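Report on the structure given below.
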Amino acid sequence: MSRPRIAVVLAAGKGTRMRSSLPKVLHQAAGRPMLEWVIDAARAAGCERTLVIVGHGAETVREEIRGDDIQWVLQEEQRGTGHALAQVEPHVQGTLGDALLLVLSGDVPLLTADTIGRLAVAADRGDTGWGSMAVAELDEPAGLGRVLTRPDGGLDRIVEARDASPEILKIRRINAGLYALPAPEIFDFLRGIKTNNAQGELYLTDAVGDAASAGRRVELLTLENPDEALGVNNRAELSKVHRLLIERHLDGLMESGVTILEPGRTIVEPRVAVGPDTVIHPGVSLLGLTRIGSGCTLHQGAWLRDCTVDDGVTIEPYSVLDAARVAAGCRVGPFARLRPGTRLMERARVGNFVEVKASELGPDSKVGHLAYVGDAKVGEGANLGAGVVTCNYDGQRKHSTAIGAGAFIGSDTMLVAPVNVGEGASTAAGSVITKDVPPGALAVGRTRQKNLEGRAGGLRARRGSAETKEG
Ligand code: UD1
Ligand code: CA
C-alpha cells in the first residue's frame, strides 16, 4: 500500500555564494525562479500537499511565487538542511503515521515529476522499504555530498565534500538532495543530529545516514540522466542549469517535428509550445507562455514573449513581439515591434520599423513602413502608408482610432485621436486628420502647395551670403 505523499521543498538557505541580494531560489533559470520549477515538478507528480520551507528573504519569496496550493513553513534561523526539515513536523502532524515526505531542494531545478514518482516507489520497495534518495554518478562531483553504499546496495552514509577525506572525495556517486522519507520516524532521527561538521550545521544527510545505521533500508535511486542532480550554488552553476532546461525542451521539440537550425544559439523556454514543420533560425528567443503554430518560419533574432502565433506565419529578422496574437498567414518584420494587446488577423502584414500597441489589424491589412499604430482598430484590407501615426495620447489620456475596411491612409498622415476614418476612405499624404472622414471620402488636411516661379535661385543666393557672414 502506498503512503500519502507530501512534498517538502527546502528553500530557506541564504545561497551565500550567489553573492546576491536576491534569495537564491528566486534566481531565474529558463525564465522562471528555480523554486518554481521544483514546485511544478511536485505538482505534476501528484503530491497531496506541497510545503515550502522559507527563511532567508522569506517575504520576497512568498510574494514572488504564486500558488494557493503552497503551504509556507518558516525556518527563522537557517541552521542547516536537517533543521529545515525538522520545521515541518508540526505541520504534518495530522497525517503522521503513514506519510511519505518527498524532500526536494529548491536549488535543484532540473528534477522531473517522473523522478519524484520513482523515489516514492523506491521507498516502498519490498517488505523492508523505509526510505529512498536520488544519487547520480558525476564526472565532476565538486562540492556535492558523496554517497557511501553497503554491499547490498543500500545507503551506508553521506559525507559532505567539506567534511570528506581525499579518499572519499574520489567517489563519484553523489547525493542529489532529493529524498523520500517516512514521517514521523524521520523526525526522531532529526532530533539526534549534531553540528560537529565543517559548516557547524544540522545536516539532513546525517539523519538519513543515522537511519541507515539503525537498520532502516534507504534505497538508492540512480538518476538515468545525471543532469537532474545538478544543484545551483553559484552563478556558473545557474547558467549551466539554465542551458540544460532549455536544451531538454529543444530536444523534445525537434523530436516532435520542429526544425531548430542551431540549438546552441536558440532559446525556447520550457513552457513554450511549437507546432511541427516550423523552422527556427539562430538567435531566436521564444519566452514565457508563447504558442507557435505549425509551418511557421521564425527568422534570426525574433524575440517573442507570451505570444500566440497561428499556422503559417513568417516572422522576419529582429522583430520583437510581446503578448501579441498573430493569426494564420501573417508576415511581421523585419524590425517590427508588436506590443501587448496587439492582434493581427489573417494574412495581415506589418513591415519594418512599425510599432503596434493595443490594436487590431484586420485580415489582409498592411502597415508596411515606419508607422505607429496604437489603440486602433484597422479594418479588413486597409492600407496604412509609410510614416502614418495614430496620435493617441493628448498628454493626459489615450484615445482610439478606427479605420474602416479598405481605407487607404496616405503616407505621413497624422490621425489625431479620437478619430474615425470610414470604409473605403482615403487621406492625402501628409495630412493631419482631426475630424472623422466619411466612408468613401478623400480627406485632405494640409496646406496647399504654392510654386513661386524663378525664386529658387534667389533663395540659394540669400542662403549663401548668410553662411559667409556666419563663417
Ligand atoms: C546539500 C546536501 C548535499 C547534496 C546537495 C545536493 C546537506 C547537508 N547536503 O548540500 O549532500 O549533495 O545538497 O544539491 O544536506 N536550506 C534550507 N535551510 C537551511 C539550509 C539549506 O532550507 O538551513 C535549503 C537551501 O535553500 C537549498 C537546500 O536546502 O535549497 C540545500 O541547501 P544547500 O546549502 O544548498 O546544501 P548543499 O551544500 O548544496
Ligand atoms: Ca545546494
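No value in this document is a laboratory result; all are computed from the given coordinates. Keep in mind the model is a prediction, meaning the values are calculated, not measured. We place every Cβ from the backbone using ideal geometry, glycine too, and count neighbours over all the protein chains shown.
What the table below lists for this structure:
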{"read-out": "Overall Cα dimensions of the range 145-200, principal axis frame, Å, largest first", "value": "35, 30, 19"}
{"read-out": "Helical contribution to [θ] at 222 nm, DSSP H n ≥ 4, -39,500 (n - 2.57), averaged over the chain, rounded to 500", "value": "-6000 deg cm²/dmol"}
{"read-out": "Crossing angle, helix 34-44 versus the chain [Cα axis fit, 0-90 degrees, rounded to tens]", "value": "70 degrees"}
{"read-out": "The range 235-380, Rg to Rh (Cα coordinates; Rh as Kirkwood inverse mean 1/r)", "value": "1.00"}
{"read-out": "Rg/Rh ratio calculated on Cα atoms of the range 40-147 (Kirkwood radius)", "value": "0.96"}
{"read-out": "Base-10 log of normalised Debye intensity for the range 1-61 (one unit scatterer per alpha-carbon) at q = 0.17, 0.28 Å⁻¹", "value": "-0.60, -1.19"}
{"read-out": "Globularity ratio of the range 241-322, using Cα Rg and 2.2 N^0.38 Å", "value": "0.93"}
{"read-out": "Order by protection proxy (mean Cβ within 10 Å, highest first), peptides 239-245, 404-410", "value": "404-410, 239-245"}
{"read-out": "HN-Hα J in Hz across the range 360-375 - Karplus 6.51, -1.76, 1.60, θ = phi - 60°, x for Gly and Pro", "value": "10, 9, x, x, 6, 7, 9, 10, x, 8, 6, 10, 10, 10, x, 6"}
{"read-out": "Cα-derived Rg over Rh, computed across the range 147-251 with Rh taken as Kirkwood radius", "value": "1.00"}
{"read-out": "Hz values of 3J(HN,Hα) by residue in the range 183-191 - Karplus curve (6.51, -1.76, 1.60), Gly and Pro given as x", "value": "9, x, 4, 4, 5, 4, 5, 5, 5"}
{"read-out": "Contour excess over end-to-end distance, with Cα ends at Met254 and Arg62 and 0.36 nm allotted per residue", "value": "65.5 nm"}
{"read-out": "Cα-only radius of gyration and Dmax that characterise the range 305-450, units Å", "value": "14.5, 51"}
{"read-out": "The chain: angle of helix 235-255 to the longest principal axis, Cα-based, in degrees nearest 10", "value": "70 degrees"}
{"read-out": "Theoretical gain in end-to-end length, Asp394 to Arg339 [0.36 nm per residue, Cα-Cα removed]", "value": "17.8 nm"}
{"read-out": "Viscosity 0.890 mPa s, temperature 25 °C, Stokes-Einstein D of the range 201-270 from Kirkwood C-alpha radius, µm²/s", "value": "160 µm²/s"}
{"read-out": "The range 279-290 - phi-based ³J(HN,Hα) in whole Hz, Karplus 6.51/-1.76/1.60, Gly and Pro as x", "value": "10, 10, 7, x, x, 8, 10, 10, 10, x, 9, 5"}
{"read-out": "Built amide H within the under 5 Å cut-off of Val309, gap 5+", "value": "Arg291, Ile292, Gly293, Val326"}
{"read-out": "Rounded tilt (10° steps) of 113-123 against the dominant C-alpha axis of the chain", "value": "10 degrees"}
{"read-out": "Cα pair distances in the chain, grouped into 20 Å bins until the bin that holds the longest one, percent each", "value": "21, 36, 25, 14, 4, 0"}
